[in-house]
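Peer 1: My questions will all concern the structure given below.
The values are calculated or read from the model by the stated rules, or taken from the named source; none is laboratory data. Bear in mind the structure is a predicted one, so any value in this text is a computation, not a measurement. We place every Cβ from the backbone using ideal geometry, glycine too, and count neighbours over all the protein chains shown.
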Amino acid sequence: MFATARNNVDVEKLKNLNFDTYQLDLSSSESIQRAISASDYQHSYEQMIKHLNTDKLAAYTLLAKAILKYIIHALETKNAKIHY
């Protein structure tokens with residue numbers, strides 16, 4: 001697991017708590033690219049971004065209707081799981 005924060009002060013606080021932490025501002029393309037470049041998963045992220053910038057659906061991509069019942073279940077259940 002890793003954490004992200006927009007400003008350096010928060011990044012340092014998280015690092016001091018022993019989190020793997022990256023500075024990331026989702027409103028900045030440069031910030032996103034820096035975070036991707038610093039990641040062990042850089043190649044995977046770049047492949048996903050490349051695919052998402054096309055009109056084709058990826059093998060891991062489902063239409064919203066295909067997952068709607070699972071989203072509703074996850075939001076309404078009293079015993080929610082971390083991962084579905």
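Peer 1: Has segment 8-27 got any residue that is out of contact with any strand residue (DSSP E or B) (no Cβ under 7 Å at 6 or more places or on another chain), surrounded by 12 or more Cβ atoms within 10 Å (Cβ to Cβ) and in contact (Cβ under 8 Å) with a residue 12 or more places away in the chain?
Peer 2: Within segment 8-27 (the criterion being out of contact with any strand residue (DSSP E or B) (no Cβ under 7 Å at 6 or more places or on another chain), surrounded by 12 or more Cβ atoms within 10 Å (Cβ to Cβ) and in contact (Cβ under 8 Å) with a residue 12 or more places away in the chain), the answer is yes, since at least one residue qualifies.
Peer 1: Within segment 61-74, is there a residue that is surrounded by 11 or more Cβ atoms within 10 Å (Cβ to Cβ), touching a strand residue (DSSP E or B) at 6+ places or on another chain (Cβ under 8 Å) and without any contact (Cβ under 8 Å) to a residue 40 or more places away in the chain?
Peer 2: no
Peer 1: Suppose we keep only residues that are farther than 24 Å from ILE49 by Cβ and of a type in the set (S, T, N, Q) within segment 61-84. Which one would you say is modelled with the lowest pLDDT? Quick ask: steps written out before the conclusion?
Peer 2: Within segment 61-84, the first condition is being farther than 24 Å from ILE49 by Cβ, and the residues that meet it are 65, 68-70, 72-82.
Subset that is of a type in the set (S, T, N, Q): 77, 79.
Numbers: THR77: 88, ASN79: 83.
Of everything passing the filter in segment 61-84, ASN79 is modelled with the lowest pLDDT.
Peer 1: Restricting attention to helices (runs of 4 or more DSSP H) lying wholly within segment 1-78, give those where 1 or more residues are of a type in the set (Gly, Ala, Ser) and under 19 Å from the mean Cα position of the chain (by Cα).
Peer 2: Values: elements: 8-16, 29-37, 42-52, 64-76.
In segment 1-78, 29-37, 42-52, 64-76 are the helices (runs of 4 or more DSSP H) which contain 1 or more residues that are of a type in the set (Gly, Ala, Ser) and under 19 Å from the mean Cα position of the chain (by Cα).
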